[in-house]
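The values are calculated or read from the model by the stated rules, or taken from the named source; none is laboratory data. Note that the coordinates shown come from a computational prediction; the quantities given were computed from them, not determined experimentally. Quick reminder, even Gly has a Cβ in these numbers, built from the backbone with ideal geometry, and neighbours come from all protein chains shown. In case anyone asks, the SASA skips ligands and DNA or RNA and just uses the protein heavy atoms, side chains included. Shrake-Rupley method; radii C 1.70, N 1.55, O 1.52, S 1.80 Å.
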Amino acid sequence: MKVPLKWLREFVDVNLPPKEVADRLTMSGTEAKGIQVIGGTWDNIVVGQIAAVNPHPNADRLRLPTVDIGTEPQTVVCGAPNLNIGDKIAFARVGAQLIDGHTGEIAKLKPAKIRGVESSGMVCSEKELGISDNHTEILVLPADAPVGTPLADYLGDAVFDLDVTPNRPDCLCVIGIAQEVAAVTDQKLHPPEVAYEEAGTPIDQHIAVEIIDADLCPRYCASLITGVKIGESPPWMQQRLLACGMRPINNVVDVTNYVMLELGQPLHAFDYELIRGKKIIVRRATGGETITSLDGAERNLAGNMLVIADVERAVAIAGVMGGANSEVTEDTTSILLEAANFNPASIHYTGQHLSLPSEACMRFERGIRPELTMPALKRATQLIVQLGGGQAARGVADAYPGKREPEPMVISTERTRQLLGVEFTVDQITKVLTSLGFECQPGASSTEVKATAPYWRSDITQEVDLIEEVARIIGYDHIPMTTLSQSIPPRSPALMLDLEQKIRNTLVGYGFQEAITYSLTSLEMLRRFRPQTQQVAPMPARLANPMTAEQEYLRPTLRANLLAALVANRRHEEVGIRLFELGKVYLPREKELPDEPEVLCGLLSGSRNDISWLGDGGQLNFFDAKAVLEGLFRRLGVPASFKPGDDESFHPTHQAAIAINDQEIGVIGELHPKVTEAFDLAEAVYLFELNVTELLPFTAGHSMFQPIPRFPAMVRDIALIVDVGVSHQQIVDIIRGFSLVKDVAVFDVYSGKQVPAGKKSLAYRITYQSPTHTLTDEEVNKVQEQILKKLSRQLGATLRG
Amino acid sequence: MIQQLDELKTKALQELGQIQDGKELESWRVRYLGKKSSLTSILRSLATLPLEERKSAGARANQVKADLESELQEKEPALREARLVSGTQKEILDISLPGRPLPNGRLHPITQTLNEILNIFVSMGFQIAEGSDVERDYYNFEALNIPAEHPSRDTLSTCWLEPETGSDEHTMLLRTHTTAVTARVIEKMKPPIRVIEPGRVYRYEATDATHLPMFYQIDGLAVDKGITMADLKGTLYEFARNFFGEERKVRFRCDYFPFVEPGVEMAIECLTCNGKGCRLCGYSGWIEILGAGMTHPEVLRRGGIDPEEYSSFAFGIGIERLPMLRYGIDDIRLFYGNDLRFLRQF
Ligand SMILES: [Zn+2]
């Protein structure tokens, strides 16, 4: 909302600098985003009067006006067509800063000789002054402009650019802001005086108003002005409209816009002669009804949109836009002026669905009061009579089915203190509310005030609203800062967050960089992880209104977006990359919100180390990935196991399913070469994904302390030869089954020339220990023999010679 | 015999003087003092000598042995000292060479920021609560006093999920603010309540340097008897000074959010210009940090809490802005681009 200071001053005395006013408005809820100073650069420009116009001796298209500026007459060279003796104009002396009419750049006016004639300055166009784009004619000022006065004093202004919050439609107008300024600067509001002559027969003999759908139209008022001459509105009005960002059209339309900007009530002018049956009917659109709106577009109306109709057809889309069939044109002489009130939700719906956001729409959808129609209608009628001539019919039409008496509300000092934490007196409360236009009366007790909101305020419905008014006008700075004094509420342990924290810290400790990727992904990306089936199943949840194809589906896995992050980094990273994300995936469910488990996904690829003089450490592989999870599970005290997996995203034999107590909670493996190829990667990528939500129950509680062994351990190494099909896991499961075995570690795995075909060799270091005594060789030998026997019996293992 | 002993001693001492390391010293000891040394065999052969000669030779032999042993004892520490010192002088290390590389991981700057903020509020007695990213229309809007066709919805442009099967009504959405969690908490928990609600939120918005379709917020809520706006100001100030530092000025002004009344906006003095006004702060000198207010009675009522008995404050903080301000990051898209060259800086 743009509010020119001069306009504001018509309704309130402003004695403070604009910056201070802007700051106070900002603090009280209406943010001033900036102040635009019109004429701030108009040094050396004054109001002049054309005293004479002589021809240029050397050029037909140029003339030599003599300009009276109160001191010495100035003669300039000018090419504009509208040089008339007696006109008041803007005269720029040498040194003035003007906008070049052709290049648009700001330049300082220099002394110039044009075609042999000295020009002592310039008569300015609107463009040169930065008022508008008009450069074909010079600016002609109103006849009462005082000659010799600096133009900045006469025409300059400061325009506040205000951000009005959606609850304050009353602030979408100059008088509304004036009311706020009055309240925050301790001044009084002077509303405009409205008076005009009425004549002839009463209005109801000219027009009837019927509201059929009163739920959408609480009030409809109209006046009639006959004998109007359509023309341009006066410069002062045009300038104000322009300053507020509206384009002048003609005197009648300009008045409706002007009054909307002044009082906040949208108005609409019909050509009265085009209203058929001389009746206004406010009703919902009928099925298939269309209307050509003022912008020339044909609009299809839905049955829940409200129209203003005559007896035959719709003549306007209520509150949104007028119809072309009843438009005010140059030939119009009788104006039917509408000031009505419409249901905010209905207007919002219509404006959105027809894609017609307008100034009127914006005000109606925020909910303005029906009481506002009458003052605005009268003000606009007065201005039309004043500017367009004509005669106002006697009275105004007023259909008001939604009339409700304003109800006073009670605000108590007690409740105010309870909510704000600071005491305000009845006097302070009364003063604030009165300054905002509230009617205040003493309440039932000495600590209460009975307040009735002014007719323009639609946002005050209960006591807290009144308390906010008091707080914001006195200022939030007057509320102290205290700490919560109540006892701290009971807190349940945040197990999930603790687990997430532990996982993140562990991964970071292992050298993984945390990534955060978008929750949305595309089906195409997900399909790349399905090299066999090409099917994404089950289907992920889809957005009804995706912004882009890349962000159409809620991710059912973290893999896709994380791998994309790796790919993007691979363009500039040559060494190993270790990335992880811990976040939600979204799994659709019938009749319920999607399941949103927390998932950990990690991936690693490339060289194990950065390049180094100590060697590069080789390439990252499956066992680097597995080590991360093993380390994580150890840290969490979770007994996870790895079993061959069957996820089609992975290399068929280089993958494992991760299970805890037979419950599968994740996968790990080398991505299928087809998957990496689909992402334009030539390297092997190792990825793991873990359902952290399912992991959580296994991490509950903690294990008890185990005493440190008091008796020495004994260590034995064995090398076994087994079929290649026998797994390490099978071997250690057997070894661990013996009671004195404290630990077992594999330290060599070999298959090749040294062992028979179809066999492999594994070497283990077994640690024996007893909690009760020092072991003897004999004891250990006995156990080791039993171990070997069992390995031989169950797995066909033999000792390597 | 005695002469033999003296020669032996002279030779031994001479050899001892030239010994450089422990190994040589050991072989010297074996040679002269060991079981097979000539001194030992001399001592053994004494038995064959006549008594008189045996006495004097024996005394001399023992004397030689004692002398050699004491010389050896003196030599040993000198030798150890020499060994330790020479060991440190032999190998010169180029300490300017880099160490063995270790992979380096970091938390994402947004995680770091979330942790920092959550810790501040947890220390004030707040409990962390989480909601779901996909929400019902009701909790995102109606429960928060934002009815359908309300203009406030226009600034919360919404990503809707496709209707559930058998329906053509959009009822599920990606929450536009974590205030939806507040609506859930009010409905589910009983006062006293102090919760802090971090999470992802979504807007139907085109991506540019200052806008993302997905970002993070933290909402907070306190409900109890006697909670005031002064408490709200104090709580938010505590957060601000912990996060931005004691010196940073804080401003509270009136603002509007449908779910609070009175509504508050908290701004801090611009970090770039320190309040003088610059492009970053729109020449106002202030940077808006969060929205807050006293929870609207209607919102409490809908969640089953009596606003006559309890009062409440609520606030919501946008997260990305905070590291952007602190580190001077000028493009919000960097956060979720996951470029390692960006992430490694935090
Ligand atoms: Zn600044």
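Residues in the stretch A:222-244: is at least one open to solvent by 60 Å² or more (accessible area, probe 1.4 Å), under 25 Å from A:PHE364 (Cα atoms) and within 32 Å of the chain's Cα centre (by Cα)?
yes
If you go through the stretch A:528-543, how many residues are among the hydrophobic types (A, V, I, L, M, F, W, C) and open to solvent by 40 Å² or more (accessible area, probe 1.4 Å)?
Counting residues in the stretch A:528-543 that are among the hydrophobic types (A, V, I, L, M, F, W, C) and open to solvent by 40 Å² or more (accessible area, probe 1.4 Å) gives 2.
If you go through the stretch A:415-443, how many residues are closer than 18 Å to A:ASP459 by Cβ and among the aromatic types (Phe, Trp, Tyr)?
Of the residues in that region, 1 qualify.
Mind counting the residues in the stretch B:68-85 that are β-branched (Val, Ile, Thr) and within 10 Å of B:ASP21 (Cα to Cα)?
Result for the stretch B:68-85: 0.
When A:LEU740 is evaluated against the numbered criteria (1) more than 23 Å from A:GLY801 (Cα to Cα); (2) open to solvent by 40 Å² or more (accessible area, probe 1.4 Å), which criterion, by number, is the only one it fails?
(2) is the only condition that A:LEU740 fails.
Would you mind stating whether B:PHE239 is more than 16 Å from the ligand (Cβ to nearest atom), open to solvent by 10 Å² or more (accessible area, probe 1.4 Å) and assigned by TED's automatic domain parsing to the domain that holds B:VAL201?
When the stated conditions are applied, B:PHE239 does not pass them.
Being part of a strand (DSSP E or B) and either small (Gly, Ala, Ser) or without any contact (Cβ under 8 Å) to a residue 40 or more places away in the chain (or both) is the filter here; which residues of the stretch A:598-620 pass it?
Across the stretch A:598-620, the qualifying residues are A:GLY602, A:SER605, A:SER607.
Kindly list the number of the only condition in (1) crowded, with 20+ Cβ neighbours inside 10 Å; (2) within 13 Å of the ligand (Cβ to nearest atom); (3) away from chain A (no Cβ under 12 Å) that fails for B:ALA314.
(2)
If I ask for residues that are open to solvent by less than 90 Å² (accessible area, probe 1.4 Å) and either more than 18 Å from B:LYS75 (Cα to Cα) or not in a helix (DSSP H, G or I) (or both), which ones from the stretch B:9-28 would you list?
The answer is B:ILE19, B:ASP21.
Are any of the residues in the stretch B:320-331 more than 16 Å from the ligand (Cβ to nearest atom), within 11 Å of chain A (Cβ to nearest Cβ) and over 30 Å from A:ALA565 (Cβ atoms)?
no
Identify, from the list B:ARG31, B:ARG80, the residue that is at pLDDT 80 or above and surrounded by 14 or more Cβ atoms within 10 Å (Cβ to Cβ).
The conditions single out B:ARG31.
Among what's in the stretch B:283-311 and is within 8 Å of the ligand (Cβ to nearest atom) and open to solvent by less than 40 Å² (accessible area, probe 1.4 Å), pick the residue that is farthest from the chain's Cα centre (by Cα).
Out of the qualifying residues, it is B:GLY285.
Can you spot a residue in the stretch B:256-269 that is near the ligand (Cβ under 8 Å from one of its atoms), assigned by TED's automatic domain parsing to the domain that holds B:THR228 and crowded, with 18+ Cβ neighbours inside 10 Å?
no
Given the conditions (1) within 14 Å of another protein chain (Cβ to nearest Cβ); (2) part of a strand (DSSP E or B), report the number of the one that A:GLY29 does not fulfil.
Failing condition for A:GLY29: (2).
Please work out which residue is nearest to B:THR207 (Cα to Cα), limiting yourself to the stretch A:499-522 and to residues that are within 12 Å of chain B (Cβ to nearest Cβ) and part of a loop (DSSP other than H, G, I, E, B).
Filtering the stretch A:499-522 for residues that are within 12 Å of chain B (Cβ to nearest Cβ) and part of a loop (DSSP other than H, G, I, E, B), the one nearest to B:THR207 (Cα to Cα) comes out as A:TYR518.
For B:THR158, only one of the following conditions fails: (1) open to solvent by 30 Å² or more (accessible area, probe 1.4 Å); (2) within 11 Å of chain A (Cβ to nearest Cβ). What is its number?
The single condition B:THR158 does not satisfy is (1).
For B:ARG279, are the conditions met, namely being within 16 Å of the ligand (Cβ to nearest atom), farther than 19 Å from B:LEU156 by Cα and not polar (S, T, N, Q)?
So B:ARG279 passes the test.
Condition check ((1) at the interface with chain A (Cβ under 8 Å from one of its Cβ atoms); (2) touching a Cys at 6+ places or on another chain (Cβ under 7 Å); (3) among the β-branched types (Val, Ile, Thr)) across all residues:
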{"site": "B:GLY166", "(1), (2), (3)": "no, no, no"}
{"site": "B:ARG175", "(1), (2), (3)": "no, no, no"}
{"site": "B:GLU205", "(1), (2), (3)": "yes, no, no"}
{"site": "B:ILE218", "(1), (2), (3)": "no, no, yes"}
{"site": "B:LEU221", "(1), (2), (3)": "no, no, no"}
{"site": "B:LEU236", "(1), (2), (3)": "no, no, no"}
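Only one of these is of a type outside the set (Asp, Glu), surrounded by 14 or more Cβ atoms within 10 Å (Cβ to Cβ) and outside any helix (DSSP H, G or I): A:MET481, A:MET496, A:MET525. Name it.
The conditions single out A:MET481.
Just to be sure, is A:VAL46 in contact with a Lys or Arg (Cβ under 9 Å, 6 or more places away or on another chain), surrounded by 17 or more Cβ atoms within 10 Å (Cβ to Cβ) and more than 14 Å from chain B (Cβ to nearest Cβ)?
Spelling it out, A:VAL46 is indeed in contact with a Lys or Arg (Cβ under 9 Å, 6 or more places away or on another chain), surrounded by 17 or more Cβ atoms within 10 Å (Cβ to Cβ) and more than 14 Å from chain B (Cβ to nearest Cβ).
Considering the stretch A:619-650 alone, what residues qualify as being open to solvent by 80 Å² or more (accessible area, probe 1.4 Å) and either over 24 Å from A:GLN534 (Cβ atoms) or under 45 Å from the mean Cα position of the chain (by Cα) (or both)?
Within the stretch A:619-650, A:GLN619, A:PHE623, A:ARG634, A:ARG635, A:PRO639, A:LYS643, A:ASP646 meet the criteria.
Quick one: A:THR653 ticks every box in (1) open to solvent by 50 Å² or more (accessible area, probe 1.4 Å); (2) more than 10 Å from chain B (Cβ to nearest Cβ); (3) farther than 24 Å from A:TYR518 by Cβ; (4) in contact with a strand residue (DSSP E or B) (Cβ under 6 Å, 6 or more places away or on another chain) except a single one, so which number is it?
Unmet condition: (4).
Taking only pairs six or more apart or across chains, which ones have beta-carbon atoms under 9 Å, a first residue in the stretch B:282-293 that is within 11 Å of chain A (Cβ to nearest Cβ), and a second residue that is near the ligand (Cβ under 8 Å from one of its atoms) and open to solvent by less than 10 Å² (accessible area, probe 1.4 Å)?
Between residues of the stretch B:282-293 that are within 11 Å of chain A (Cβ to nearest Cβ) and residues that are near the ligand (Cβ under 8 Å from one of its atoms) and open to solvent by less than 10 Å² (accessible area, probe 1.4 Å), the close pairs are B:SER284/B:CYS270; B:GLY285/B:CYS270; B:TRP286/B:CYS270.
Quick check on the stretch A:751-760. Is at least one of its residues of a type in the set (Ser, Thr, Tyr) and loosely packed, with under 15 Cβ neighbours inside 10 Å?
No, the stretch A:751-760 has no match at all.
Among what's in the stretch A:327-368 and is of a type in the set (Asp, Glu) and away from chain B (no Cβ under 14 Å), pick the residue that is surrounded by the most Cβ atoms within 10 Å (Cβ to Cβ).
Among those that are of a type in the set (Asp, Glu) and away from chain B (no Cβ under 14 Å), it is A:GLU338.
Scan the stretch A:428-439 and report the pairs whose first residue is open to solvent by less than 40 Å² (accessible area, probe 1.4 Å) and whose second residue is acidic (Asp, Glu), with Cβ atoms within less than 7 Å and a gap of 6+ or a chain change.
Matching pairs, first to second residue: A:VAL432/A:GLU469; A:LEU433/A:GLU469; A:LEU436/A:GLU469.
Quickly run through the stretch B:222-236 and pick out the residues that are open to solvent by 10 Å² or more (accessible area, probe 1.4 Å) and under 16 Å from B:GLY316 (Cβ atoms).
Hit for the stretch B:222-236 is B:LYS233, nothing else.
Looking only at strands (runs of 3 or more DSSP E) that lie completely in the stretch A:268-324, which have at least 1 residues being out of contact with any helix residue (DSSP H, G or I) (no Cβ under 9 Å at 6 or more places or on another chain) and crowded, with 21+ Cβ neighbours inside 10 Å?
Of the strands (runs of 3 or more DSSP E) lying wholly inside the stretch A:268-324, those with at least 1 residues that are out of contact with any helix residue (DSSP H, G or I) (no Cβ under 9 Å at 6 or more places or on another chain) and crowded, with 21+ Cβ neighbours inside 10 Å span A:279-284, A:298-300, A:306-309.
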